[in-house]
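Report on one structure; see the data block that follows.
The values are calculated or read from the model by the stated rules, or taken from the named source; none is laboratory data. Quick caveat, the model's predicted, so the values are computed rather than measured. Ideal geometry is used to build each Cβ from the backbone, glycine not excepted, and the neighbour counts take in all protein chains shown.
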Amino acid sequence: MTRSLRACLLACALTWPAVVAAGELPPNELGRVMILEYHKIDQPEERWTRTPDNFRRDLERLWERGYRLVALNAFLDRKIALPRGTTPVILTFDDSSPGQFKLIEKNGEWIVDPDCAVGILEAFERRHPEFGHAATFFVLPGADPPNRLFNQKELATRKLQYLASRGYEIGNHTLWHANLAKYPERVVRQQIATAQEWIQRHVPSYRIRTLALPMGSYPTDLRWTIEGADGQNSYRHDAILMVAGGAAPSPFARTFDPYHLPRIQAVESELARWLSYFDRNPQERYVSDGNPALITVPKGSGDKVRRSDAVKVAERP
Ligand SMILES: [Zn+2]
């Protein structure tokens, strides 16, 4: 055996099992879904920073394993319209840091920086339109720079309108990243309602449907985060997102709890661990049947589906 062949066999053995491509897995719409949580997209790679090149590589790794982007709100609405054999993945970005969304001037026009997260996502989508188009930005409208609405003050309106009009989602992350566990009801509600009001100054008709808890800290009473008002401003959230907890249950599962939605921090160690986990345990992945009107689940697991009139369930033979 030649040395190169031996090296190749060894490498193959180390990367076993092989990556499963889109379309090869049987449908399982009770499988789990990764909600990835990014912070900074910048240099160098650090605990809370993913470099632009590593972010591109993440998209590549997801794509080649048959993952496709689904919007968080579509996931909550249980409207996952993906081709048969593919798996939804959700991208979220916390803290509105500059590298997530930056505009640069070119020939007198503002264009999206090709090295910011939005620019990278859009370039990837041009190359792979079937990968899809979706991301949720949990922004901080009242934080100190550089985390206040992506840190280009005079472009904040243009940017939020760009996100809303292009089908990205904007989520609440409180006014300035308040640790909600520390505050009484009045302050918790103020943080949430004022954040929404300040975001809506830029995108007046935009309805914010989700809240990501700063540091994952729940306030004393969960209900304060779900709906309420502060003065004239009322808010209502369809989901509350944590900062950790692993892959989320299928939204069709009885165990699905939108007010405790777990996420996976998109740092190399966590991402690699979960990609490899689902490579080794493909039966745990949500895999679409290609028919949004029907929920296909493994044989014998029909009783694990959260039933509603709108859902027709078929057990896979
Ligand atoms: Zn945060």
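Remarks
- The residue list Pro146, Pro114, Pro83 contains one member that is within 16 Å of the ligand (Cβ to nearest atom), part of a loop (DSSP other than H, G, I, E, B) and surrounded by fewer than 18 Cβ atoms within 10 Å (Cβ to Cβ), which is Pro146.
- Matching residues in the range 240-284 - criterion: being among the aliphatic types (A, V, I, L, M) and either within 16 Å of the ligand (Cβ to nearest atom) or loosely packed, with under 15 Cβ neighbours inside 10 Å (or both): Ile240, Leu241, Met242, Val243, Ala244, Leu261, Ile264, Ala266, Val267, Ala272
- For the range 26-42, the candidate set comprises residues that are part of a loop (DSSP other than H, G, I, E, B) and in contact with a helix residue (DSSP H, G or I) (Cβ under 8 Å, 6 or more places away or on another chain); within that set, the residue that is nearest to Gly167 (Cα to Cα) is Asp42.
- Residue in the range 286-303 that is part of a loop (DSSP other than H, G, I, E, B), under 22 Å from Val89 (Cβ atoms), of a type in the set (A, V, I, L, M, F, W, C) and out of contact with any Gly (no Cβ under 6 Å at 6 or more places or on another chain) present: no
- Scanning the range 187-218 for residues that are under 16 Å from Arg148 (Cβ atoms) and either in a helix (DSSP H, G or I) or within 16 Å of the ligand (Cβ to nearest atom) (or both) yields Gln191, Thr194, Ala195, Gln196, Glu197, Trp198, Ile199, Gln200, Pro214.
- Checking the range 189-199 against the condition returns no match, with no residue being without any contact (Cβ under 8 Å) to a residue 40 or more places away in the chain and either of a type in the set (Gly, Ala, Ser) or exposed (fewer than 14 other Cβ atoms within 10 Å of the Cβ) (or both).
- Residue satisfying all of: in the range 217-237; within 20 Å of the chain's Cα centre (by Cα) and surrounded by fewer than 18 Cβ atoms within 10 Å (Cβ to Cβ); nearest to Glu37 (Cα to Cα) among these: Ser217
- Any hit, the range 90-99, residues being aromatic (Phe, Trp, Tyr), within 16 Å of the ligand (Cβ to nearest atom) and modelled with pLDDT of 95 or more: yes
- A search for C-beta distances below 6 Å between a residue of the range 207-221 that is without any contact (Cβ under 8 Å) to a residue 40 or more places away in the chain and any residue that is within 9 Å of the ligand (Cβ to nearest atom), counting only pairs 6+ apart in sequence or on different chains, returns Gly216/Val243.
- Scanning the range 156-186 for residues that are touching a Phe, Trp or Tyr at 6+ places or on another chain (Cβ under 9 Å), within 16 Å of the ligand (Cβ to nearest atom) and of a type in the set (A, V, I, L, M, F, W, C) gives Ile170, Leu175, Leu180, Ala181.
- Subset of the range 252-284 [more than 17 Å from Leu91 (Cβ to Cβ), in contact with a Leu (Cβ under 8 Å, 6 or more places away or on another chain) and touching a residue at least 40 places away in the same chain (Cβ under 8 Å)]: Phe252, Ala253, Pro258, Pro282
- For the range 286-305, the count of residues that are among the basic types (Lys, Arg), within 21 Å of the chain's Cα centre (by Cα) and surrounded by 14 or more Cβ atoms within 10 Å (Cβ to Cβ) is zero.
- Residue count for the range 45-80, restricted to those that are under 21 Å from Arg148 (Cα atoms) and part of a loop (DSSP other than H, G, I, E, B): 3.
- Of all residues in the range 168-186 being aliphatic (A, V, I, L, M) and part of a helix (DSSP H, G or I), the one that is nearest to Gly231 (Cα to Cα): Leu180
- Taken across the range 209-216, residues that are surrounded by fewer than 16 Cβ atoms within 10 Å (Cβ to Cβ) and either within 21 Å of Tyr259 (Cβ to Cβ) or more than 19 Å from the chain's Cα centre (by Cα) (or both) do occur, with at least one present.
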